[in-house]
Amino acid sequence: MSEITSGVQAQMQFGIFTVSDITQDPTTGHTPSEAERIRATVEIAKHAEEVGLDVFALGEHHNPPFWSSSPTTTLAYIAAQTERLIVSTATTLITTNDPVKIAEDYAMLQHLSGGRMDLMLGRGNTGPVYPWFGKDIRQGLPLSIENYALLHQLWREDVVDWEGKFRTPLQGFTATPRPLDGVAPFVWHGSIRTPEIAEQAAYYGDGFFANNIFWPAEHYQRLIGLYRQRWEHYGHGAPETAIVGLGGQAFMAKNSQDAVAQFRPYFDNAPVYGHGPSLEDFSEMTPLTVGSPQQVIDRYAGMREIFGDYQRQLFLMDHAGLPLKTVLEQLDFLGGEVVPVLRREFATNRPSNVPDAPTHAGLVKATYGDGPSRQATPRANRGDNLSGPSPYADAPAPAGAAFGAAATGGAR
Amino acid sequence: MSARRIAVVSAGLSNPSSTRMLADRLAAATVTALRQAQGPDSQPIEATVDTIELRDLAHDITNNLLTGFAPPALESAINTVVSADALIVVTPIFSTSYSGLFKSFIDVLDPDALTGKPVLIGANAGTARHSLAIDYAIRPLFAYLHADAMSTGVFAASSDWGSSADQVAPLSARVEKGARELAEAIARREPAGAADPFDPDSYLGQGRSFGHLLGGLAGE
């Protein structure tokens, strides 16, 4: 394995995710510029590591008032300024991005971050993005399925011949660089409502992430239940061995009345749910918790009762115009008071067959055991991949998933 | 004896509401007509009626439009509607069409949720001059949803409830005609099964696997 760090080895990873919205602060009327908000987000990511969080995940959007059009640029910059933090996405648009470019961009990020990355795939919910990128929103699901099938292959096979419905065919194509240590980046499939995406995650033995923010927990419980059941169906192991991530949302102050008073104007004017349900109703119906750190601990410690033991918990902490100073204070609460207790709570009575959270080191270990990992080394350039032996001088990585039955020698 | 369930959606805003009065009459007449009909098993059909007053759900419906999810009371109402064997919908005519609340409720349903479902349309307004709204405004909505709307729609003007009512085709006769059509449509069908969207057979097709979604990519 490479010399550099490759993410925190933990049963559970805790972190934050951001949609990259640029929203007016309703209490001051100040709207940050793109430059201000981009710098603030980098500060937030670095502070996440400082307070002991494990993951920073960034959304992808292609329209104002969002700024994150090019996540790998931002994430590589953040990875370069941190040491342990895993950078990820929430989400990477598998529908409108070319899977070849995703394979290249994220393999680059994987190398530059020393394996401290993974990614979450999603379809995207902004209608015009589809036509802007030459796609049809009615094909959202078939695009997700075909594009991921290609992405999956590009990271696992050195030379790919491929033909599908949505993209120009490939003959003798090699996605470069080859994944770090010959191990494809870990992939989460994110979905709000689509059972086919839970099915897809289960089929490949990948992770499944439920946004869990805007809708009642009972809804996501059914999606995750389905994913776990299908994980077993496709031979990756018992339902509790599937890899589950959850979103969440909290706002804290020392005492809960202050938290409610401070957060209410942001809630009332927030994108998505602003001017809709009351803060109280929304807190009851969804995992949003506004109150003392202890209230957040109690609420999120209960998530395993609803969803089973899981691997990753991300919190939305920086949206709706919250100023940087407030967000950094919130991270202090989260990293200082909430997450240490949650780590202990989640470790208690965690069944031994529940996998640890995915890391590059874990994937390398699952693939190679204690043996040396692949270090892909090209042959001298001969200008084509179509004839002769592999374009690489070394042996390719062993095939198969790093989790479930494939990782432990079972056939798929 | 076969059992069926009818969902009634009433979009009246006042209480008491003449929209609700019409809805109740249509429901009662349909239950009566079903007792006289025969199901596929040649038995009389006993129907229960669940009535949903949209006024009680108005805030939830707006919140659903804004947040994308139905609060518990609305979710329960939606489940009642989409799982019913048949639907009776009654809306007041506002500005030549269904009420905004009525349309908002339809808008939070899954677009496929009413496909093939028998629907009896009712509407009410101050005068009979609005009666065609059923055919130019409400019926196309249910055509778009691929629901099976009965050819008779029942319109009640304020005068239908009093002495200046239509004496040749009184409201009670129109109610019975619509109810009979709906009862026949229910009797022709098997009882509605509850489809679980999270059942792999629902989204993949019976006995299929993810390979079928991959199509030629997986050779299935």
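The values are calculated or read from the model by the stated rules, or taken from the named source; none is laboratory data. Note that this is a predicted model, so its numbers are computed, not measured. Here Cβ is always computed from backbone atoms with ideal geometry, including for glycine, and neighbour counts include all displayed protein chains.
The set of residues in the stretch B:42-61 that are among the small types (Gly, Ala, Ser) and not in a loop (DSSP other than H, G, I, E, B) comprises B:ALA47, B:ALA58. For the stretch B:189-200, the criterion of a residue being surrounded by 18 or more Cβ atoms within 10 Å (Cβ to Cβ), outside any loop (DSSP other than H, G, I, E, B) and within 14 Å of another protein chain (Cβ to nearest Cβ) is satisfied by at least one position.
Looking at (1) free of Cβ contacts under 8 Å to residues at least 40 places away in the same chain; (2) crowded, with 23+ Cβ neighbours inside 10 Å, which is the one condition that is false for A:LEU75? That leaves (1) as the condition not met. Sort out which residues of the stretch A:266-276 are buried (at least 16 other Cβ atoms within 10 Å of the Cβ) and either within 13 Å of chain B (Cβ to nearest Cβ) or in contact with a Ser or Thr (Cβ under 7 Å, 6 or more places away or on another chain) (or both), and write them in order of number. The answer is A:PHE267, A:ASN269, A:ALA270, A:TYR273, A:GLY274, A:GLY276.
Which ones in the stretch B:88-147 are assigned to a helix (DSSP H, G or I) and of a type in the set (A, V, I, L, M)?
Of all residues in the stretch B:88-147, those assigned to a helix (DSSP H, G or I) come to B:100-107, B:128-130, B:133-144.
Listed by number, the residues that qualify are B:LEU101, B:ILE106, B:ALA128, B:ALA133, B:ILE134, B:ALA137, B:ILE138, B:LEU141, B:ALA143.
For the stretch A:193-233, the candidate set comprises residues that are more than 19 Å from the chain's Cα centre (by Cα) and of a type in the set (Asp, Glu); within that set, the residue that is farthest from the other protein chains (Cβ to nearest Cβ) is A:GLU232. Here A:PHE166 passes the criteria (1) under 18 Å from the mean Cα position of the chain (by Cα); (2) within 13 Å of chain B (Cβ to nearest Cβ); (3) more than 30 Å from A:PHE267 (Cβ to Cβ) except the one numbered (1).
Within the stretch A:98-129, the set of residues being buried (at least 22 other Cβ atoms within 10 Å of the Cβ), of a type outside the set (A, V, I, L, M, F, W, C) and modelled with pLDDT of 95 or more comprises A:PRO99, A:TYR106, A:GLN110, A:SER113, A:GLY115, A:ARG116, A:ASP118, A:GLY122. Checking the stretch A:267-281 against the condition returns no match, with no residue being more than 21 Å from B:PHE198 (Cα to Cα), touching a Gly at 6+ places or on another chain (Cβ under 6 Å), modelled with pLDDT under 95 and of a type outside the set (Ser, Thr, Tyr). Looking across the stretch A:150-171, the residues that are surrounded by fewer than 21 Cβ atoms within 10 Å (Cβ to Cβ) and in contact with a helix residue (DSSP H, G or I) (Cβ under 8 Å, 6 or more places away or on another chain) come down to A:HIS152, A:VAL160, A:TRP162, A:GLY164, A:LYS165, A:PHE166, A:ARG167, A:LEU170. Candidates in the stretch A:136-145 are the residues that are over 20 Å from the mean Cα position of the chain (by Cα) and assigned to a helix (DSSP H, G or I); of these, the one that is nearest to A:ALA198 (Cα to Cα) is A:PRO142. Please state which one of A:ALA259, A:ALA250 is away from every other protein chain (no Cβ under 14 Å), in contact (Cβ under 8 Å) with a residue 12 or more places away in the chain and in a helix (DSSP H, G or I). From the options A:ALA259, A:ALA250, the qualifying one is A:ALA259. Scanning the stretch A:277-306 for residues that are assigned to a loop (DSSP other than H, G, I, E, B) and within 13 Å of chain B (Cβ to nearest Cβ) returns A:PRO277, A:SER278, A:THR286, A:PRO287, A:LEU288. The lone criterion from (1) in a helix (DSSP H, G or I); (2) more than 15 Å from the chain's Cα centre (by Cα); (3) over 18 Å from A:PHE166 (Cα atoms) left unmet by A:VAL100 is number (3). If you go through the stretch B:155-165 and keep only what is surrounded by fewer than 19 Cβ atoms within 10 Å (Cβ to Cβ) and closer than 21 Å to B:THR30 by Cβ, you end up with just B:TRP161. Of all residues in the stretch B:74-118, those satisfying the criterion of being surrounded by fewer than 16 Cβ atoms within 10 Å (Cβ to Cβ), in contact with a helix residue (DSSP H, G or I) (Cβ under 9 Å, 6 or more places away or on another chain), over 15 Å from B:ALA7 (Cα atoms) and of a type outside the set (D, E, K, R) are B:THR96, B:PRO111. Listed conditions (1) within 26 Å of B:ASN63 (Cβ to Cβ); (2) at pLDDT 95 or above; (3) of a type outside the set (Asp, Glu) are all met by B:PRO111, apart from (2). A single member of B:LEU26, B:LEU66, B:LEU22 is in a helix (DSSP H, G or I), surrounded by fewer than 19 Cβ atoms within 10 Å (Cβ to Cβ) and either away from chain A (no Cβ under 13 Å) or over 20 Å from the mean Cα position of the chain (by Cα) (or both), and it is B:LEU66. Would a scan of the stretch B:136-154 turn up a residue that is surrounded by fewer than 17 Cβ atoms within 10 Å (Cβ to Cβ), in contact (Cβ under 8 Å) with a residue 12 or more places away in the chain and farther than 20 Å from B:GLY12 by Cβ? Among the residues of the stretch B:136-154, at least one is surrounded by fewer than 17 Cβ atoms within 10 Å (Cβ to Cβ), in contact (Cβ under 8 Å) with a residue 12 or more places away in the chain and farther than 20 Å from B:GLY12 by Cβ, which makes the answer yes. Here the condition is being at pLDDT 95 or above, out of contact with any helix residue (DSSP H, G or I) (no Cβ under 6 Å at 6 or more places or on another chain) and not polar (S, T, N, Q); of B:ALA137, B:ALA169, it holds for B:ALA137 alone.
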